[in-house]
Amino acid sequence: MDVSALSALSTLSDRRIVLRPGDAGYDDELAGFQTGYAQRPDVVVAATSTDDVVAAVTYAAEAGLPVGVQATGHGLPDASVGGVLISTRRLDEVVVDPVARTVRVGAGVRWGQVVAAAAEHGLAPLNGSAPSVGAVSYTLGGGLGVLAREFGYAADHVRSLDVVTADSAVRHVTAEGDAELFWGLLGGGANLGVVTALEIGLVPVARLYGGALAFDGREVDPAVVLRAYTAWTETVPDEVTSSLAALVYPDLPMLPEALRGRYLLTVRVAYTGSAAEGERLVAPLRALGPAHEDSLRELPYTESHTIHSDPDFPHAYYGESRMLDGLDTDGLERILALTGPAADRMYVVQLNHLGGALARPAANAVPHRDARWLLRILSPVNGAGGTEDTDGADRASLRELYAGAFGEVAPHVIGRSLNFTFAGGDRPEGLYDAETQKRLAGLKATYDPANLFRRNYSVR
């Protein structure tokens, strides 16, 4: 083993940012949003700078250990044991350039921080629905956001990336300076290096018309809501980004009384046009019947997270996704029946309307741009921290159930979404088309021939 690698790690250890199993702070550093799957690395490096990342990568390469990266722990792909985990949560730089309409974002920054900083200048990032998700990791997976149909994937707006590759080199990567690596980092996830920061474009959006329109599935026929929503999407402009979610809320005391035990089908809408035009656009949906919830309104972009109101507390979950090139509404109705009130466990089903700017070609590896829909199914899982139940029987049974559900729309499936593998990220099948996979493999052979950055680790 190279002496310099050991020396680098020793220096880090002196600064109390290297943690091993049993050390005070080890478990806290690994804690994240996903509690169902445990990372138990041999070494955790709580990086405070790019130099710390370089030292950790150097040590791992010389020791022959795999490297994983974790910012917020939203997207852990699986339980993992051993290796070196680099925690990037302290790399929290957010610098907005209001003239250039860009923001520099560190690897540990969450979208909520970027939304707040950009809003001071009447600007908005292409963030996702949850403010607690890591901005950099989300973008490396593509980034399907609140304004996606109008502006495309977040990855489409990246200007540059700072990355530490497997040879411990610090690279400032742009489309002009290194077009192929730039292409592969955006959409390739964490497979080519540790991205410590990126610069990304902002859009001139300060307010929205949007919110949620929820129907009780026991009062309004779910099939009617489904068919009305999918027909409605054919009439709206690209400035409308929307989704339909269906779930039976558990009867638990921590939930609002109005939600407990309800089977709700909720249309979520974000529209950058006027409130008056927004009201006109959503009128056909309101005509479906009495709404259990109607929060459609004009709102500042800083409240965009209220459109989806994603859970903000850590929990254990498993799920999968499929990118679809078209719709089979009969098949979707059968999926709703399988996952609705008659199901023996809780399922969260979400159908995202794609197209618009998402379909435009871009200089990155984000695949499946011809997809018209994204279908997701997610379930809470038993156990916590990678217990046998979570890793074994529970996940195996869910995989079987999901396979059956997705089978109902199989003729339209063209792949999976890297951002929405929900602990299914241990399997690479379907994440990329053949040509994209071939190019990424070439980059892997060039920049990480020893496979230091392994697919069974997450960035989010």
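The values are calculated or read from the model by the stated rules, or taken from the named source; none is laboratory data. Quick caveat: nothing in here was measured; it's all calculated off a predicted structure. For neighbour counting, all protein chains shown are included, and Cβ atoms are generated from backbone atoms with ideal geometry for every residue, glycine included. Surface areas here come from the heavy atoms of the whole protein model, side chains and all, with no ligands, DNA or RNA. Shrake-Rupley method; radii C 1.70, N 1.55, O 1.52, S 1.80 Å.
Listed values, structure above:
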{"read-out": "FRET efficiency estimate (nearest 0.05) - Cβ-Cβ, E219 to R439, R0 51 angstrom", "value": "0.50"}
{"read-out": "Cα-based helix-to-principal-axis angle, 50-63 vs the chain, degrees rounded to 10", "value": "70"}
{"read-out": "Bridge type composition, the chain - antiparallel percent by DSSP, nearest 5", "value": "85"}
{"read-out": "Cβ-Cβ FRET estimate between A363 and D328, R0 fixed at 25 Å, reported to 0.05", "value": "0.15"}
{"read-out": "Karplus-derived 3J(HN,Hα), 6.51/-1.76/1.60, for each residue of region 273-283, Hz, glycine and proline x", "value": "x, 6, 5, 4, 5, x, 4, 5, 5, 8, 3"}
{"read-out": "Dipole-positive endmost among L255, P300, V164 within the chain (Cβ charges, Cα centre)", "value": "P300"}
{"read-out": "Reference-scaled alpha-carbon Rg (2.2 N^0.38 Å with N residues) for the chain", "value": "0.96"}
{"read-out": "Accessible carbon and sulfur surface of region 299-365 relative to its total accessible area, %, 1.4 Å", "value": "54"}
{"read-out": "Heavy-atom accessible area per residue - region 50-166, 1.4 Å, Å²", "value": "27"}
{"read-out": "Extension gain, E93 back to D167 (0.36 nm per residue minus Cα-Cα distance, nm)", "value": "24.2 nm"}
{"read-out": "In nm, spacing of pseudo-spin labels at M254 and E400 (7 Å Cα→C-beta vector)", "value": "2.9"}
{"read-out": "Region 290-384 - accessible surface per residue (Å², probe 1.4 Å)", "value": "41"}
{"read-out": "The chain - mean residue ellipticity at 222 nm from DSSP helices (-39,500 (n - 2.57) per run, n ≥ 4, rounded to 500)", "value": "-8000 deg cm²/dmol"}
{"read-out": "Student exercise, region 158-207 dipole from Lys, Arg, Asp, Glu Cβ charges, in Debye to nearest 20", "value": "280"}
{"read-out": "Carbon + sulfur, % of accessible area of region 197-286 - ligands and nucleic acids excluded, 1.4 Å", "value": "56"}
{"read-out": "Dipole-positive endmost among Y153, T446, A337 within the chain (Cβ charges, Cα centre)", "value": "Y153"}
{"read-out": "Selection from Y209, L140, P237, by position along the positive dipole direction of region 118-241 (Cβ)", "value": "Y209"}
{"read-out": "0 to 90° range, to nearest 10: angle between helix 3-14 axis and the chain longest Cα axis", "value": "60"}
